[in-house]
Amino acid sequence: MEYIILIISAILVNNIVFAQTLGICPFLGVSSKISSSVGMGAAVVFVITLATLVTFLLNQYLLVPFNLGFLQTIVYILVIAALVQMVEIILKKVSPSLYSALGIFLPLITTNCAVLGVALLVIQKEFNLLQSVVYGFATAIGFGLALVIMAGIREQLELQSVPKGMKGSPITLVTAGILALAFMGFANLV
């Protein structure tokens, strides 16, 4: 039951985009089409889950035992960049079609602050390994959900008559604010 609450909380209640305002840049930049949002969401799920696992293990077995906690942020950034590069290389060799589908999104993940944010939140919340991986996975699913919902709304807005002064970024920001308010409705769920 504890893990179900953790999953629901990470996806809906404490959504990384709407409640914690992490990952806003890719959220606004990639959410113009559903197809690109799904690709970015899938890549983020893989990278956040893997980065959470690796950074947790590095923190527990290298940084804490040797009193190197002051290097945490630098080490995490290097690990995330290395993981994204490793994923790119492996996908290029193993599945060229998947690599070409996700190719543009993988480098963008390196600069996604949600990936670093989740790695730091896991340590801050003092989760164990399984809780960390579950939280990382669920948070990434929440990011992908927010991305796809926003893309669907933005595609519908393209078909509507929007006032000239609200076209583009203004309507996108208003829509993101309304979505954040909608996600606040889940606050009493868990």
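The values are calculated or read from the model by the stated rules, or taken from the named source; none is laboratory data. This one's a predicted model, so the numbers in the text were calculated from it and none came from an experiment. Methodologically, a virtual Cβ is constructed for each residue, glycine included, from the backbone with ideal geometry; neighbour enumeration extends over all protein chains shown. Quick note on the areas: whole protein, heavy atoms, side chains included, nothing else; ligands and nucleic acids left out. Shrake-Rupley method; radii C 1.70, N 1.55, O 1.52, S 1.80 Å.
At-a-glance table
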{"quantity": "Residue that is nearest to Ala180 (Cα to Cα) [pool: residues in region 94-143 that are aromatic (Phe, Trp, Tyr) and over 17 Å from the mean Cα position of the chain (by Cα)]", "calculated": "Phe127"}
{"quantity": "Every residue from region 36-81 that is hydroxyl-bearing (Ser, Thr, Tyr), in contact (Cβ under 8 Å) with a residue 60 or more places away in the chain and over 25 Å from Val17 (Cβ atoms)", "calculated": "none"}
{"quantity": "Any hit, region 15-27, residues being over 12 Å from the mean Cα position of the chain (by Cα) and assigned to a helix (DSSP H, G or I)", "calculated": "no"}
{"quantity": "Single condition Ile11 does not satisfy, out of (1) in a helix (DSSP H, G or I); (2) open to solvent by 60 Å² or more (accessible area, probe 1.4 Å); (3) at pLDDT 90 or above", "calculated": "(2)"}
{"quantity": "Every residue from region 14-35 that is over 14 Å from Ser169 (Cα atoms), open to solvent by 70 Å² or more (accessible area, probe 1.4 Å) and not hydroxyl-bearing (Ser, Thr, Tyr)", "calculated": "Lys33"}
{"quantity": "Near pairs, Cβ below 9 angstrom, 6+ apart or cross-chain, from region 13-33 (under 13 Å from Gly142 (Cα atoms)) to any residue that is part of a loop (DSSP other than H, G, I, E, B) and of a type in the set (Phe, Trp, Tyr)", "calculated": "Val13/Phe186; Asn15/Phe186"}
{"quantity": "Subset of region 76-103 [β-branched (Val, Ile, Thr) and open to solvent by less than 30 Å² (accessible area, probe 1.4 Å)]", "calculated": "Val79, Ile80, Val84, Val87"}
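Every residue, every condition in (1) under 20 Å from Ile34 (Cβ atoms); (2) in contact with an Asp or Glu (Cβ under 7 Å, 6 or more places away or on another chain); (3) open to solvent by 20 Å² or more (accessible area, probe 1.4 Å), yes or no:
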{"residue": "Lys125", "(1), (2), (3)": "no, no, yes"}
{"residue": "Leu130", "(1), (2), (3)": "no, no, yes"}
{"residue": "Tyr135", "(1), (2), (3)": "no, no, no"}
{"residue": "Thr139", "(1), (2), (3)": "no, no, no"}
{"residue": "Phe143", "(1), (2), (3)": "yes, no, no"}
{"residue": "Ala151", "(1), (2), (3)": "yes, no, no"}
{"residue": "Glu158", "(1), (2), (3)": "yes, no, yes"}
{"residue": "Lys164", "(1), (2), (3)": "no, no, yes"}
{"residue": "Ile178", "(1), (2), (3)": "yes, no, yes"}
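So that you can scan it fast, the table gives a plain yes or no per residue for (1) out of contact with any helix residue (DSSP H, G or I) (no Cβ under 8 Å at 6 or more places or on another chain); (2) assigned to a helix (DSSP H, G or I); (3) touching a residue at least 60 places away in the same chain (Cβ under 8 Å); (4) farther than 30 Å from Ser169 by Cα:
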| site | (1), (2), (3), (4) |
| --- | --- |
| Leu83 | no, yes, no, yes |
| Val87 | no, yes, no, yes |
| Leu108 | no, yes, yes, no |
| Val115 | no, yes, yes, no |
| Phe137 | no, yes, yes, no |
| Gly144 | no, yes, yes, no |
| Ile153 | no, yes, no, no |
